[in-house]
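Undergrad: First the structure, then my questions, so here it is.
The values are calculated or read from the model by the stated rules, or taken from the named source; none is laboratory data. Because the structure is predicted, anything quoted here is derived from the model rather than measured. All Cβ positions, glycine included, derive from the backbone under ideal geometry; neighbour counts span all protein chains shown.
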Amino acid sequence: MEPLEFIIRLLAATAAGAAVGLEREINNKSAGLRTNTLVAIGAAIYVLISLEVLNESEGDASRIVGQIITGIGFLGAGVILHRGPSVHGLTTAATIWCSAALGCLAALAMYWQLIIAALLVLMVNLAFKLTDKWFTGKQVKKKESGDKNHFE
């Protein structure tokens, strides 16, 4: 792979990870700009390494992607907190996982797919947050009114 192509792919991963991370940072989440950007860059680097190794010998690039998924799963598990009946950090963990996927897309030069996927991740984190607040508000109102047919 030419150095310029390597740089373009890493910059694409950086941009996608930073876009997702910026949204998390604005919403004051524990894994923000730096974390999501580094996860996307790291995933891209590993995929780029596997592509380079494949150019020199026989192999299967999907094995590296599979290991990235496993490794990011452990990283995501570290941000999930369980306190009593509530669990926090699931969206952050899922976002980190998506950032790794964005890095993989960038490394594979799947730029249109990268743009669509990054926009979808941002849309879910931004638009669905409003939906979550709407549902949470309805549950609080039901609880205050004494309605027993609700989930806590």
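Undergrad: Let me spell it out: the conditions are (1) assigned to a loop (DSSP other than H, G, I, E, B); (2) free of Cβ contacts under 8 Å to residues at least 24 places away in the same chain, and ALA31 meets all of them except one. Which number is the exception?
TA: (2)
Undergrad: Just the residues that are more than 14 Å from the chain's Cα centre (by Cα), loosely packed, with under 12 Cβ neighbours inside 10 Å and either outside any loop (DSSP other than H, G, I, E, B) or in contact (Cβ under 8 Å) with a residue 40 or more places away in the chain (or both), please, taken from region 53-73.
TA: ASN55, GLU56, SER62, ARG63, GLY66
Undergrad: Please count how many residues of region 33-42 are closer than 16 Å to ILE69 by Cβ and either more than 11 Å from the chain's Cα centre (by Cα) or surrounded by fewer than 18 Cβ atoms within 10 Å (Cβ to Cβ) (or both).
TA: 1
Undergrad: Being of a type in the set (A, V, I, L, M, F, W, C), over 15 Å from the mean Cα position of the chain (by Cα), part of a helix (DSSP H, G or I) and farther than 18 Å from ALA31 by Cα: is that true of LEU130 here?
TA: Considered against the rule, which asks whether it is of a type in the set (A, V, I, L, M, F, W, C), over 15 Å from the mean Cα position of the chain (by Cα), part of a helix (DSSP H, G or I) and farther than 18 Å from ALA31 by Cα, LEU130 comes out as yes.
Undergrad: What single numbered condition from (1) at pLDDT 85 or above; (2) out of contact with any helix residue (DSSP H, G or I) (no Cβ under 6 Å at 6 or more places or on another chain) fails to hold for LEU122?
TA: (2)
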